[in-house]
Amino acid sequence: MTNVFPVVLLGFLSVLSSQSLATAGTLRWGGDASGGAPYLLLDPKNPEKIIGFEVEIAEAIARELGLQAQFYQNQWDKLIPGLKRKNYDIVINGIEITEERKAEVEFSKPYFYTYEQLTVKKNTDTIHEWADLAGKRVGSLKDSFAERMLKEHPGKVHVAGYEEQTTIYADLGYDRLDAVLLDQPIALYYGSLDPNLKNLDTHFGHVSYGICVRKGDFELLRQINDALTKLLASGELRAIYERWGLWNEELATRFHDPAPSHLIPSELNAYRESFQHHSDFQSRVEHYKTYVPLLAKGAIVTLQLSSVAMFFAVLLGLLLALVRLYAPRAIAACAFGFVELVRGTPLLIQLFLIYYGLPNVGIKLDPFTAAIIGLALNYGAYESEIYRAGILAIPHSQLETALALGLNRWQALFHIIIPQAIRIVVPPMTNDFISLLKDSSLVSVITLVELTRVYGQLAAASYDYFGVGILTAILYFVMGVPFVRLSRWIERRFSFESYLPRTIR
Amino acid sequence: MPHTLTPHIDVRNLDKTYKNKSVLKKVCLDFFEGELTAVIGRSGCGKSTLLKCLNGLERIDSGSIRVGNVFLDRNADQKHEERTSALRRNFGMVFQGFNLFPHLTILENLIKAPMVVKKLRRSEASAIAIPLLEKVGLLSHIDYYPSQLSGGQQQRAAIARALAMAPKVMLYDEPTSALDPWLSDEVFAVMRQIAAERMTQIVVTHELRFVREFADKVIFIEDGEVVEIGSPTELFEAPQDERTRRFLKR
Ligand SMILES: Nc1ncnc2c1ncn2[C@@H]1O[C@H](COP(=O)(O)OP(=O)(O)OP(=O)(O)O)[C@@H](O)[C@H]1O
Ligand SMILES: [Mg+2]
């Protein structure tokens, strides 16, 4: 077993791992499609396609460089770690140029200038000025420039940092927030969708977005800057902004281009329209159907991850349980320590360490492998306790009897003890498997696009957390059903008490 | 009673201690081929421990056990494990609580050890098991699970299971304590049948009625010491030791 195991492991993973390596001739760019409009989102009309002004910029730059743009999904706040890890070579996703970030990555020259905008409920007339925010609950995106501005507000502002922009405006609608401060493009797209909200005209702060490149990647940086210069000169960049309804005074000033807009904001209009014709039930259902392929893809990733992880978790759990029960004290203590360590620390952090931490010591795993390792280690620790309890639940006299019949300890374990313990451990194992199915959503921090991540992207694109949420929940539920079935079958198969002798049957 | 001069099993100065508690003290015993020896004594005097030491389920602290040409002492060299299992192959053991494997049918209970230990094929093991089940009167219960049998049936199955490994000596630890008198008789009947085939048997029991009638020899133990050894007549009619007399009087 010891020799075959790693080979089997690698075989398994390489078959299932979907992440391909960088190919020549591509511009690998990272972003987060759950971020939403107008930056980067799943096309509400065709959710299998990503759109957004940054998608167009990425493609325009790639064209300038004679490359093919290739998009890599990652969670927004992990975009820079992913860049350092060389998952992709540039990041274009509304990353504000700040001093802290400059210490970590190289920034291109700004490709977009904007400002922060306040959104409030229509009937609010207490908030107009910056000073009015004192004592109010104000929502923003975590780690964003807007959030930092709020935190530096002299009056006591209760700042709520969110992961996803769309939920912030929803909370404002539900009166959980008094105001939202976010970059103007976001306010433009989301702050105006709900008729009960209004965007205030006042501008706050200055924001500039830059394209991130790894430190020291000067050649790529130069090429990107050149490309941006060309796109600016040719008016192509401006055309993108105009079509997305993003051309503003700030850009006009910075890019020395005072001419009035002349293009129709077609993309902005299309986005707004995509909401209007789903208001009735029928068209909504039709629309949900277009989500199914994408959700199914996510569900398959979730299922693959969970099954492979559980397979290894079961093996590891069994090994740990046996070591803890029968190995010499020192080795058993190591197993105990391992179990405690793994159980006592959050899975999220473990995944993060495995994926982003290990490359520092030269171990660079692809996301699928890292996810499997993280989940299998974790669940292996939990399983081991279940197996240990199951084995301990079998009376000692069964072991003694087996030994008296001439079986050795291993034979007694595998032929007598474990078959009896299975019946005891199957229900809690099923529990764990279902919980693993859902915990697997945590792996989106390491760039995997599984079901929950797809949900986030679809919800952001459609601004419909409720409907997409129910669809996703149903999918999780349905995925769990076969395992519950299997578990019942195993339980019945091993429940000798309820067995009828063949002669009676 | 005629028997060979060298005993089948001899136990010399056997000591067994559990955490400073001396459970068997300098026990010396001979068991002869084909004899049924009964071991009697108060609860906690060390009877079960003696049986477990005999078949190597418990390690001995000093002294020695010899069965045929297998010799075992405290010595824990590399061969110890090997010798323990060689010793154990001589014995079949029957427990007070039957200890059938609940997840296996009666037939599977019998063929498991021959298949796993002796690597017999299922058919070969069954060919051994089925006559044994017939002998203990359980042929019609081959496919039952242990939980579907009465206590007496379970204990007879357990005896057959031990016999399926073709031991030279049978050890019984209070085989009938969990059974009512009628069911006990079923089990004793099987043991008598085995005695008739001249197999060496050692029985720990509180059933003095059975001991009187069928044992070839009786050993009385108190507080881990062998107090008296004799034929049932000698021990029951004319006990030599005061402690034996006190035990029998109750
Ligand atoms: N594993 C053990 N650890 C510690 N002490 C033990 C252990 N097994 C038995 N003993 C002790 O050794 C003594 C002898 O036990 P043993 O089971 O041999 O008695 P017994 O003669 O079989 O009694 P009974 O008739 O009740 O079965 C008892 O005092 C018991 O408490
Ligand atoms: Mg006892």
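Summary table below
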| item | result |
| --- | --- |
| Single match in B:CYS45, B:CYS53 (criterion: farther than 22 Å from B:ARG212 by Cα and either touching a residue at least 24 places away in the same chain (Cβ under 8 Å) or of a type in the set (S, T, N, Q) (or both)) | B:CYS53 |
| Answer from B:GLY34, B:GLY44 - the residue that is in the same structural domain as B:ASP10 (by TED's automatic domain parsing) and more than 16 Å from ligand 2 (Cβ to nearest atom) | B:GLY34 |
| Single match in A:VAL443, A:VAL426, A:VAL454 (criterion: within 14 Å of another protein chain (Cβ to nearest Cβ), over 30 Å from B:PRO167 (Cα atoms), in contact (Cβ under 8 Å) with a residue 24 or more places away in the chain and part of a helix (DSSP H, G or I)) | A:VAL426 |
| Any hit, segment B:193-212, residues being within 18 Å of the chain's Cα centre (by Cα), more than 15 Å from ligand 1 (Cβ to nearest atom), among the polar types (S, T, N, Q) and in a helix (DSSP H, G or I) | yes |
| Meets criteria (within 16 Å of ligand 1 (Cβ to nearest atom) and free of Cβ contacts under 8 Å to residues at least 60 places away in the same chain) for B:LYS25 | no |
| Set A:HIS206, A:HIS158: member being surrounded by fewer than 15 Cβ atoms within 10 Å (Cβ to Cβ) and closer than 28 Å to A:TYR271 by Cα | A:HIS206 |
| Top-ranked residue of segment B:66-102 - restricted to ones that are of a type in the set (Val, Ile, Thr) and buried (at least 21 other Cβ atoms within 10 Å of the Cβ), ranked as nearest to ligand 2 (Cβ to nearest atom) | B:VAL94 |
| Residue tally, condition buried (at least 23 other Cβ atoms within 10 Å of the Cβ), within 11 Å of ligand 1 (Cβ to nearest atom) and not in a helix (DSSP H, G or I), over segment B:34-59 | 4 |
| Sole exception among (1) outside any strand (DSSP E or B); (2) touching a residue at least 24 places away in the same chain (Cβ under 8 Å); (3) more than 16 Å from ligand 1 (Cβ to nearest atom) for B:THR6, by number | (2) |
| Check on B:SER140, more than 16 Å from ligand 1 (Cβ to nearest atom) and under 19 Å from A:ILE416 (Cα atoms) | no |
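Residue-by-condition table, conditions (1) in the same structural domain as A:HIS153 (by TED's automatic domain parsing); (2) in contact (Cβ under 8 Å) with a residue 40 or more places away in the chain; (3) closer than 30 Å to A:ALA131 by Cβ:
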{"residue": "A:LEU221", "(1), (2), (3)": "no, yes, no"}
{"residue": "A:ASP226", "(1), (2), (3)": "no, yes, no"}
{"residue": "A:LEU232", "(1), (2), (3)": "no, no, no"}
{"residue": "A:GLY235", "(1), (2), (3)": "no, no, no"}
{"residue": "A:ALA239", "(1), (2), (3)": "no, no, no"}
{"residue": "A:GLU242", "(1), (2), (3)": "no, no, no"}
{"residue": "A:LEU246", "(1), (2), (3)": "no, yes, yes"}
{"residue": "A:GLU249", "(1), (2), (3)": "no, no, yes"}
{"residue": "A:HIS256", "(1), (2), (3)": "no, no, no"}
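The values are calculated or read from the model by the stated rules, or taken from the named source; none is laboratory data. This structure is a prediction, so every number in the text was calculated from the model and none was measured. As a convention, Cβ positions derive from the backbone with ideal geometry for all residues, glycine included, and neighbour counts pool all protein chains shown.
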